[in-house]
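The values are calculated or read from the model by the stated rules, or taken from the named source; none is laboratory data. In this text, all values refer to a predicted model and were calculated from it rather than measured experimentally. All Cβ positions, even for glycine, are placed from backbone atoms using ideal geometry, and neighbour counts span all protein chains on display. Accessible surface areas use protein heavy atoms only, side chains included; no ligands, DNA or RNA. Shrake-Rupley method; radii C 1.70, N 1.55, O 1.52, S 1.80 Å.
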Amino acid sequence: MTPLPHLMQGYAAAVPELSQPWAAASVPAPRLLALDEAVAADLGLDAGWLASAAGLAFLTGDLSALPDAPTTVAQAYAGHQFGGFSPLLGDGRALLLGELTDAAGRTVDLHLKGSGRTPFARGGDGKAAVGPMLREHLMSVFVHAVGIPTTRSLAVVATGEQVLREVEEHLDRAVERARLAQLSDEELHTMLQT
């Protein structure tokens, strides 16, 4: 039996003011478009399982198959927008599924981009179109391959939906991208101390 991913939610526990429990939108017909098997292996994730129906559910935010799955969260932040300070902003289409531990023992965040509207969406549908997500995936693979530190892209999954985008008002296939980010323990400690 393939071991299931073990996700933790340390960020939301450490900084609850900057996270809001939120679930990904349901996906009618997930289909794997791209998978970085090296990233999967580094995270201890079985590429065959990720391509299965259960793995695709995981990659689109359905954690119901995982024992002790954490609550997924939309992340918030504060900053300047439209010329003024805003004490509460956030990503309108990204979700933090949780943290995994990679082969080197580092904690890595697993995010979904294009997983539907979050409480921080300002009128958008929260979805992502296939072209930009495949470009981001390929650029992540390339930038990592040439030795530049970057976020990594685990997978791109078609959702079976269509999204209307502004470029000549055309329909495009909706997708979600599972991406990774990490802070060193020292960076995380410094961030939490400030």
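Condition check: open to solvent by less than 50 Å² (accessible area, probe 1.4 Å), of a type outside the set (F, W, Y) and modelled with pLDDT under 90. Does A178 satisfy that?
Working: open to solvent by less than 50 Å² (accessible area, probe 1.4 Å): yes; of a type outside the set (F, W, Y): yes; modelled with pLDDT under 90: yes.
It is true that A178 is open to solvent by less than 50 Å² (accessible area, probe 1.4 Å), of a type outside the set (F, W, Y) and modelled with pLDDT under 90.
Flag: G147 does not match the condition of being over 25 Å from A40 (Cα atoms), open to solvent by less than 70 Å² (accessible area, probe 1.4 Å) and either aromatic (F, W, Y) or free of Cβ contacts under 8 Å to residues at least 24 places away in the same chain (or both).
Evaluated against (1) under 19 Å from the mean Cα position of the chain (by Cα); (2) open to solvent by 30 Å² or more (accessible area, probe 1.4 Å), L95 falls short on exactly one condition, (2). For A41, the requirement of being at pLDDT 95 or above and within 21 Å of V141 (Cβ to Cβ) is met. Quickly run through the range 81-92 and pick out the residues that are touching a Gly at 6+ places or on another chain (Cβ under 8 Å) and either closer than 15 Å to A178 by Cβ or open to solvent by less than 50 Å² (accessible area, probe 1.4 Å) (or both). Selection gives S86, L89, G92. For T118, the conditions (1) outside any loop (DSSP other than H, G, I, E, B); (2) in contact (Cβ under 8 Å) with a residue 60 or more places away in the chain all hold with the exception of (1).
The number of residues in the range 39-80 being among the hydroxyl-bearing types (S, T, Y) and either surrounded by fewer than 18 Cβ atoms within 10 Å (Cβ to Cβ) or more than 14 Å from the chain's Cα centre (by Cα) (or both) comes to 4.
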